[in-house]
Amino acid sequence: MGKVSYMKLKGSQNLRLRLLLATLSSKSIIIEDIRADATWPGLRPHEVSFLRLLEKVCDDCVVEINETGTKLKYKPGIVMGGRHLAHDCGVSRSIGYFLEPLIVLGITNDSKDPSIDTFRSTTLPILKQFGVPAEGLELKIESRGVAPKGGGEVVLSVPMVPNSLKATKWVDEGLVKRIRGVSFSTRVSVQFENTMIHAARGILNPWLSDVHIFTDHKAGAQAGMSPGYGISLVAETTSGCVISVDTAVSYARGEDDTDLDDDRKDLIPAEKVGEQIASALLGEIKQGGVVDSTHQGLLFLLCALCPKDVSEVRVGKLSPYGIAALRHIRDFLGVKFVMKPDASTGTVNLMCLGSGFQNLSRKVS
């Protein structure tokens with residue numbers, strides 16, 4: 001066996017994306033100086049948990065972490081997937097942090113974690129644009145949980161894609177024809193949801209009459225272990241695009257468990273949450289593009305994983321995470337995007353030739 005060659009990286013930025021691309025490209029990496037100068041140096045619990053998740057879905061994956069957690073050596077294995085795999089995500093990040101990379105590995109990625117409602121209503125439909133079968137693509141919410149103690153549980157099913165994805169030309173976002181949404185609450189009164197919905201509709205209804213926001217109040221075992229509430233909104237367009245925003249309100253996670261309950265700040269009022277999330281959705285719509293800013297990184301990655309054919313997509317103003325994704329895709333997969341800004345709309349057209357990635361782990365019938 002020959003000596004393993006490692007790509008050397010530094011810092012904690014976009015660590016999850018780096019690990020995902022290293023797995024897809026079968027490139028071994030060494031990441032040094034992970035929060036070396038921070039008060040709490042090294043890897044965070046959610047990052048270690050993500051590494052353990054990679055070990056579960058990959059065969060012959062090797063992970064080495066030094067004593068301080070500031071240096072990581074990662075040698076990817078073959079993505080095997082499997083059925084009925086269970087993983088405890090911990091409570092330091094939401095479930096969305098772990099779900100985004102899994103759908104990419106399964107069919108064979110934003111600094112903000114998408115909510116499970118956004119994941120189901122927006123992230124999964126994006127996959128269908130690239131030829132992922134709708135049958136078997138599902139996210140079931142068994143229970144909800146919010147920070148700091150979590151307690152949520154979901155079941156994600158992703159079908160196996162034969163051979164490869166499908167290149168796409170996706171440049172027309174169309175016009176918004178309706179807005180749908182889901183509000184939720186755990187271990188608080190359902191009135192919080194009604195207040196959020198009323199406030200959100202007050203912002204949205206002057207622009208569009210077809211606005212429906214459903215409630216999902218959880219109690220007992222389905223309500224997790226912490227009080228909180230939140231809302232997810234989705235704008236559906238005439239061309240089949242879905243633009244989403246979401247937020248959740250709960251007590252913040254501390255760096256450790258020594259935070260006293262008496263020191264906690266009051267939660268943001270539900271009325272203000274509804275107004276802010278509705279305004280955020282209008283901002284995403286105004287920005288243009290076939291996906292919202294949160295999904296730019298995933299969109300670019302899917303384009304890069306397509307066969308050696310041209311994909312063309314259009315997005316609004318490039319987000320910092322979207323820019324980072326483009327750079328890492330170039331470094332790991334060798335795929336470069338041609339960008340053409342449109343000054344009249346403020347949008348950006350991006351084209352690339354796919355890497356020709358194929359699902360080598362699929363079972364031969």
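Round to the nearest 0.05 the FRET efficiency obtained for Ser209 and Ser239 when R0 = 22 Å and r is the Cβ-Cβ distance.
On the way: r = 20 Å, r/R0 = 0.92.
The pair Ser209/Ser239 has a calculated efficiency of 0.60.
Give Lys3/Lys73; Lys8/Lys166; Lys128/Lys218 a once-over and call out the pairs whose C-alpha atoms are over 21 Å from each other.
Lys8/Lys166; Lys128/Lys218, as the Cα separations exceed 21 Å there.
Given a Förster distance of 25 Å, report the FRET efficiency between Asn163 and Arg330 from their Cβ-Cβ distance, rounded to the nearest 0.05.
0.55
Taking only DSSP H segments of four or more residues, each worth -39500 (n - 2.57), what value at 222 nm results for the chain once the sum is divided by all its residues, to the nearest 500 deg cm²/dmol? Provide the component values of the computation, followed by the final result.
Details: 8 runs with 96 residues, N = 365.
Mean residue ellipticity at 222 nm (helix-derived): -8000 deg cm²/dmol.
Working from the alpha-carbon coordinates of segment 274-351, get Rg over Rh, Rh being the Kirkwood radius. Present the calculation step by step, with values, prior to reporting the outcome.
Values: Rg = 13.3 Å, Rh = 13.2 Å.
Computed over Cα atoms, the ratio is 1.01.
Tabulate in residue order the Karplus-calculated ³J(HN,Hα) for segment 32-49, using 6.51 cos²θ - 1.76 cosθ + 1.60 with θ = phi - 60°, rounded to whole Hz; enter x for Gly and Pro.
Each residue of segment 32-49 in turn: 10, 6, 7, 6, 4, 9, 7, 4, 10, x, x, 5, 8, x, 5, 6, 5, 4 Hz.
Heavy atoms of the protein only, probe of 1.4 Å, neighbouring chains included. What is the accessible area of Asp33 in Å², nearest 10?
About 80 Å², rounded to the nearest 10.
Mind ranking Arg201, Arg330, Arg35 by accessible surface for me, highest first, 1.4 Å probe?
Greatest to least solvent exposure: Arg330, Arg201, Arg35.
Just flag the GluC sites (Glu not before Pro) in segment 111-185 sitting in loop per DSSP whose Cβ has no more than 14 other Cβ atoms within 10 Å.
Taking segment 111-185 and a limit of 14 other Cβ atoms within 10 Å, the loop GluC sites (Glu not before Pro) found are Glu135.
Any idea of Trp40's accessible area? Nearest 10 Å², probe 1.4 Å.
130
Determine ³J(HN,Hα), in whole Hz, for all residues of segment 95-101 in sequence, where each value follows from phi through the Karplus function 6.51 cos²θ - 1.76 cosθ + 1.60 and θ = phi - 60°; x replaces Gly and Pro.
Rounded to whole hertz, the list is 4, x, 4, 8, 6, 3, x.
How big is the dipole moment of the chain about its Cα centre under a simple scheme where the beta carbon of each Lys and Arg is +1, that of each Asp and Glu is -1, and everything else is neutral? Debye, nearest 20, please.
1240
So how much accessible area does Arg314 have, in Å² to the nearest 10, using a 1.4 Å probe?
Accessible surface of Arg314 is approximately 40 Å².
Positive end of the dipole of the chain, charges at C-beta (+1 Lys, Arg; -1 Asp, Glu), about the Cα centre: which of Leu139, Ile277, Val310 has its Cα farthest in that direction?
Result: Val310.
Please list, in order along segment 323-337, the HN-Hα scalar couplings obtained from phi with the Karplus expression 6.51 cos²θ - 1.76 cosθ + 1.60 (θ = phi - 60°), rounded to whole Hz, x for Gly and Pro.
Those phi angles translate into 5, 4, 4, 4, 5, 5, 4, 4, 6, 8, 9, x, 9, 10, 9 Hz.
What shape does the chain have by the C-alpha gyration tensor, where a ≥ b ≥ c are the square roots of the eigenvalues, rounded means a/c under 1.5, and otherwise prolate means a/b greater than b/c and oblate the rest?
Oblate, since a/c reaches 1.5 and b/c is not below a/b.
Could you work out what % of the accessible surface of the chain is carbon and sulfur, using a 1.4 angstrom probe and leaving DNA, RNA and ligands out of the count?
51
From the cross-link list Lys149/Lys286; Lys140/Lys308; Lys10/Lys317; Lys71/Lys308; Lys286/Lys336, which pairs have alpha carbons spaced over 30 Å apart?
In this structure, Lys149/Lys286; Lys140/Lys308; Lys71/Lys308 lie more than 30 Å apart at Cα.
The values are calculated or read from the model by the stated rules, or taken from the named source; none is laboratory data. Note that the coordinates shown come from a computational prediction; the quantities given were computed from them, not determined experimentally. For neighbour counting, all protein chains shown are included, and Cβ atoms are generated from backbone atoms with ideal geometry for every residue, glycine included. Quick note on the areas: whole protein, heavy atoms, side chains included, nothing else; ligands and nucleic acids left out. Shrake-Rupley method; radii C 1.70, N 1.55, O 1.52, S 1.80 Å.
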